[in-house]
Amino acid sequence: MERRILCAGFGGQGVLAMGQMMTYAGMVEGKEVSWLPSYGPEMRGGAANCSVVISDDAVGAPNIDIATDVLVMNQPSFEKFKDIVAEGGNLFINTSLVDSGDYTNDKINIYKVPVSSTAQELGNIKMANMVMLGAFLEVTNLLELDSIIEAFQKVFGDKKAHLIPKNKEALNLGMDLIKNGDKGSDEETTHYRKTPKAFAYDSELNSDITFEYDNQIFADPLETAKFALSFEQNTISYYNEVAEKLDDAYSEIFKSVAKQEEEHVAYLKELVDSLEGNKSSFDKNFDAYEATVIFTNKMDDDLDDEMIITALKNAMYIESNAVQFYREASEKIEDPKSKELYTELIKWEELHFDQIDDHTELQQEEWWADQSYSKF
């Protein structure tokens, strides 16, 4: 018997830890094993995967070109590794984050399991890897559950021993997904993946804000201003909604950002009135952004990291796209007062983005540290 297993996702999803637990569990059961990690240098969601070989005989090579089992936790990993599964092998797809479309392969077994949303329902998205591991165990019967629990202690040490009951529950939920054939509803998985350009950690804080527009809009200064006004108003609504769901320091942060966006709206309303001919002058004072400070240091909060990270990542997406839009508008709009306002709003939104970006990295590093993923 030899199983060649590839676990893949992005850094922070616990794919390396999942492979380590398989490896230790194999050792506990007296099998020959190897574990070979591979991950990119990026600290922000860099690709991470590991190759695990569990065999009755000595392992010849730890690297895997053709796998008996592939477990993919995110979309890029699905696209990259879906075709390396050997005939008769198993492909496990995290449908919470992966859209497999109409992909089929009659030569392999495909298991679509909503492991991230299941872990979210359990109360901790960090356990998605354990749910996936449970699904794998149920299908393959390769390792005993007790061996995995013993391996958990080896991987995470005594300081995480109090988490064993919850992680065992996650393993059992993964097994149940296979037993019950639960692939997750289309509505559930679509909603869970809605967060644009971000990790979908907490579905309650996902943003519906989009920045789709035709470049022809820039031929009309008034239409450009109205579009900018609309997405700024939507941004305020989202930030206020987030503030209601977060507590203490983070709630005040998003209230503050929403308040600053209200100043953008005030400027844009004046610009729209001016362009419509309802107002002869355009009053402006562009000094405010220079004093804009969102974060002064690492904030303390009792909320789960995934909720905070989702909110911060969405804010990064919003601010980044706002900068891009205002930069394009400032370059293409001929109207002097519009060009001047958009040029100043670029500075304001860039300051927001830079501060949110720096703080997100700090928060992300803590979360990854809990997942046994960090740069050397």
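Filtering Phe231, Phe254 for residues that are modelled with pLDDT under 90, open to solvent by less than 20 Å² (accessible area, probe 1.4 Å) and within 24 Å of Glu334 (Cβ to Cβ) leaves a single hit, Phe231. Among the conditions (1) under 15 Å from Leu16 (Cα atoms); (2) free of Cβ contacts under 8 Å to residues at least 24 places away in the same chain, the only one that Ala128 does not satisfy is (2). Close Cβ contacts (under 6 Å, 6 or more residues apart or on different chains) running from residues in the range 96-112 that are touching a residue at least 12 places away in the same chain (Cβ under 8 Å) and under 17 Å from Gly181 (Cβ atoms) to residues that are open to solvent by 50 Å² or more (accessible area, probe 1.4 Å) and not hydroxyl-bearing (Ser, Thr, Tyr) comprise Lys112/Lys183. Taken together, Asn105, Asn90 contain a single residue that is of a type outside the set (A, V, I, L, M, F, W, C) and more than 25 Å from Glu169 (Cβ to Cβ), which is Asn105. Among the residues in the range 333-356, are any farther than 20 Å from Tyr213 by Cα, modelled with pLDDT under 85 and in contact with a Leu (Cβ under 9 Å, 6 or more places away or on another chain)? Yes, the range 333-356 has at least one match.
In the set (1) in a strand (DSSP E or B); (2) over 23 Å from Asn172 (Cβ atoms); (3) of a type outside the set (S, T, N, Q), Lys112 fails one condition alone, (2). Based on this model, can you work out whether Leu122 counts as within 24 Å of the chain's Cα centre (by Cα), at pLDDT below 90 and open to solvent by 10 Å² or more (accessible area, probe 1.4 Å)? It is true that Leu122 is within 24 Å of the chain's Cα centre (by Cα), at pLDDT below 90 and open to solvent by 10 Å² or more (accessible area, probe 1.4 Å).
The values are calculated or read from the model by the stated rules, or taken from the named source; none is laboratory data. Given the structure is predicted, the values throughout are model-derived calculations rather than measurements. Every residue, glycine among them, receives a Cβ derived from its backbone with ideal geometry; neighbour counts consider all protein chains shown. In case anyone asks, the SASA skips ligands and DNA or RNA and just uses the protein heavy atoms, side chains included. Shrake-Rupley method; radii C 1.70, N 1.55, O 1.52, S 1.80 Å.
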